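Working notes, beginning with the structure itself.
The values are calculated or read from the model by the stated rules, or taken from the named source; none is laboratory data. The shown structure was predicted, so the numbers you read here are calculated from the model rather than taken from an experiment. Glycine gets a Cβ as well: all are built from the backbone with ideal geometry, and neighbour counts include every protein chain shown. Side chains included, ligands, DNA and RNA excluded: accessible areas come from the protein's heavy atoms. Shrake-Rupley method; radii C 1.70, N 1.55, O 1.52, S 1.80 Å.
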Amino acid sequence: MTQSRTNGNVVSESHDCALNYQEVSAILIQRFPLMMVDRVCKCEPGVSLTSIKNVSGNDIHFVGHFPGRAIFPGVLIIEAMAQSLHILDVLSAAPSVDAGLTYLGNASVRFCHTVVPGDQMVIKVDLVKRSVTGVIGNVVVSVDTTVVAKGELILGRKTASDGAS
Amino acid sequence: MISEDSVRVLLKREIAVITDGKAETIDENAHLADIGVDSLQALQLLVLLEREYALTFEDVDLKHFRSINSVVSLVTSRLSAAA
């Protein structure tokens with residue numbers, strides 16, 4: 001177990017389950033400009049996960065949100081939360097079991113602060129329930145030590161047998 | 001001792017919130033899908049019951065989530081077994 005300090009955030013790193021960008025890409029089906037997880041710092045399958053999303057002024061979202069005043073869209077914070085929960089769900093599945101494609105079923109999220117270019121979002125997911133129909137997680141997003149969003153997300157599950165491609 | 005009625009009241013109140021309906025008009029024997037509860041909302045109900053009564057349900061228990069009365073039976077049987 002080691003610790004690293006990045007952009008003011010102290011993140012514990014358990015390297016036995018940390019994922020780099022390429023490994024995250026292998027789990028998520030989202031791609032630019034909607035890939036909202038850069039790295040998984042720590043994961044305890046079936047329990048919790050901590051991931052990172054670095055916000056850059058070059059992100060395409062800032063072209064329109066908003067001209068002259070860049071604020072990271074709240075819906076994309078929810079997307080980062082959902083993708084982190086999905087990764088935890090996949091890592092929590094037995095190796096021989098296809099976790100399937102998940103979709104956002106419900107999100108009860110409170111936004112506390114804005115996220116702007118230069119921020120590093122640390123997304124902490126605690127698994128509430130995994131089942132054949134979906135997965136529920138409590139998610140807290142923070143920048144430095146400030147909580148910017150928190151809430152409960154529910155992802156529905158679509159497996160290959162449901163006709164998902 | 002937790003009564004069947006208290007579980008039933010809790011379920012009907014939560015389903016009324018989920019479906020934007022009135023608790024008193026919900027048919028306790030109707031299939032949950034028929035009263036507007038989808039599979040993810042059933043999962044929400046399951047987690048609510050776990051939290052409320054300190055129970056743990058498995059995937060196989062979701063098959064009991066057919067109607068309010070079948071869920072009440074599941075919860076009360078688990079509570080009796082735990083007592």
Accessible area buried at the B-A interface, both sides summed, 1.4 Å probe (Å², nearest 100) | 1000 Å²
Summing -39500 (n - 2.57) over the DSSP H runs of n ≥ 4 in the protein assembly as shown and dividing by its residue number, what mean residue ellipticity at 222 nm do you reach, to the nearest 500 deg cm²/dmol?
-> -9500 deg cm²/dmol
List the relative contact order of the stretch B:1-47 as a percent without decimals, with contacts defined as Cα pairs under 8 Å and 6+ residues apart.
-> 29 percent
Cα centre as origin, Lys/Arg/Asp/Glu Cβ charges: the protein assembly as shown dipole, Debye = 460 debye
Rounded, prolate or oblate: pick one for the stretch B:1-63, where a ≥ b ≥ c are the square roots of the eigenvalues of its C-alpha gyration tensor, a/c under 1.5 means rounded, and failing that, prolate if a/b is larger than b/c, else oblate.
-> oblate
Could you work out the Rg to Rh ratio of the protein assembly as shown, with Rh taken as the Kirkwood radius (inverse of the mean 1/r over all Cα pairs)?
-> 1.02
Among A:42/A:129; A:150/B:12; A:129/A:150, the pairs whose Cα-Cα distance exceeds 23 Å are A:150/B:12
Can you list which of the trypsin sites (Lys or Arg not before Pro) found in the stretch B:1-52 are DSSP loop residues with at most 15 other C-beta atoms within 10 Å?
-> B:22
Over all pairs of different Cα atoms in the stretch A:46-143, the reciprocal of the mean inverse distance gives a Kirkwood radius in Å of 14.5 Å
Surface share of carbon and sulfur [accessible, 1.4 angstrom probe, percent] for the protein assembly as shown = 52 percent
Computed FRET efficiency, Cβ-Cβ of residue B:5 and residue A:27, R0 41 Å: what is it to the nearest 0.05?
-> 0.35
Each label point is 7 Å from the Cα along the Cα-to-Cβ direction; what then is the distance between the points at residue B:55 and residue A:60, in nm?
-> 4.8 nm
For the protein assembly as shown, cysteines whose Cβ has no other cysteine Cβ within reach (under 4.7 Å) = A:41, A:112
Express in nm, to one decimal, how much length is gained between residue B:16 and residue B:77 on full extension, taking 0.36 nm for each residue of separation and deducting their alpha carbon distance.
-> 19.6 nm
Hits in the stretch B:41-66: amide N under 16 Å from the 7 Å Cα→Cβ extension of residue A:108, namely B:41-53
Quick shape summary for the stretch A:62-106, equivalent ellipsoid via Cα gyration tensor, semi-axes whole Å in descending order, reads 32, 9, 7
